[in-house]
1. For a quick check of your reading of the model, give me the residue pairs whose first member lies in the stretch 35-64 and is outside any strand (DSSP E or B), whose second is surrounded by 15 or more Cβ atoms within 10 Å (Cβ to Cβ) and among the charged types (D, E, K, R), with beta-carbon atoms closer than 7 Å and at least 6 apart or on different chains.
2. What pairs come out if I take residues in the stretch 82-111 that are in contact (Cβ under 8 Å) with a residue 12 or more places away in the chain and pair them with residues that are open to solvent by 40 Å² or more (accessible area, probe 1.4 Å) and aliphatic (A, V, I, L, M) whose C-beta lies under 7 Å away, six or more apart or interchain?
3. Give the residue that is surrounded by the fewest Cβ atoms within 10 Å (Cβ to Cβ), with candidates limited to residues of the stretch 7-19 that are among the small types (Gly, Ala, Ser) and either at positive phi or in a strand (DSSP E or B) (or both).
4. From the list 74, 22, 96, which residue is part of a loop (DSSP other than H, G, I, E, B), among the aliphatic types (A, V, I, L, M) and either open to solvent by 30 Å² or more (accessible area, probe 1.4 Å) or under 24 Å from residue 2 (Cβ atoms) (or both)?
5. Taking residue 104, is it farther than 15 Å from residue 8 by Cβ, surrounded by fewer than 19 Cβ atoms within 10 Å (Cβ to Cβ) and of a type in the set (Ser, Thr, Tyr)?
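The values are calculated or read from the model by the stated rules, or taken from the named source; none is laboratory data. These numbers were taken from a predicted model, which means no experiment stands behind them. Counting neighbours? That spans all protein chains shown, and the Cβs are built from the backbone with ideal geometry, glycine included. For the accessible areas, the whole protein counts, side chains as well, though only heavy atoms, and no ligand, DNA or RNA atoms are used. Shrake-Rupley method; radii C 1.70, N 1.55, O 1.52, S 1.80 Å.
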Amino acid sequence: VQLQASGGGLVQAGGSLRLSCAAAGRTFSNYVMGWFLQAPGKERQFVAAITWSGRSTYYADSVKGRFTISRDNAKNTVYLQINSLKPEDTAVYYCAAREGSLYYSSSYRYPYWGQGTQVTVSS
């Protein structure tokens, strides 16, 4: 499956962004979808994941309450809504996919990756 992330940009602290990740190539609904972020000089870290049905979602503790993951299988797209943005949210955000029904927070569990979209939050 090919993934294309978009929606990043420069935003002031306190603002919001909605990232999108469009999938193509295979049956999107067979995949668990995840979002990860990578800040400059740091390792890629888990943000959120959503099962194929959309009924189950998982979040890193650090983003609970501000980030919301969702998906639209009819549009082959997964979203990440980010509210109350903070300067420390500045990173490249990646979407990822893995077949099946189990979610993981480890990036190596996801074989398919998008190219990343840059989010920069100014103070």
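1. Listed by first residue and then by second, the contacts come to 54/71.
2. What qualifies is 85/13; 86/13; 87/13.
3. Out of the qualifying residues, it is 14.
4. Testing whether each residue is part of a loop (DSSP other than H, G, I, E, B), among the aliphatic types (A, V, I, L, M) and either open to solvent by 30 Å² or more (accessible area, probe 1.4 Å) or under 24 Å from residue 2 (Cβ atoms) (or both) leaves just 74.
5. Here the answer is yes, as residue 104 does meet what is asked.
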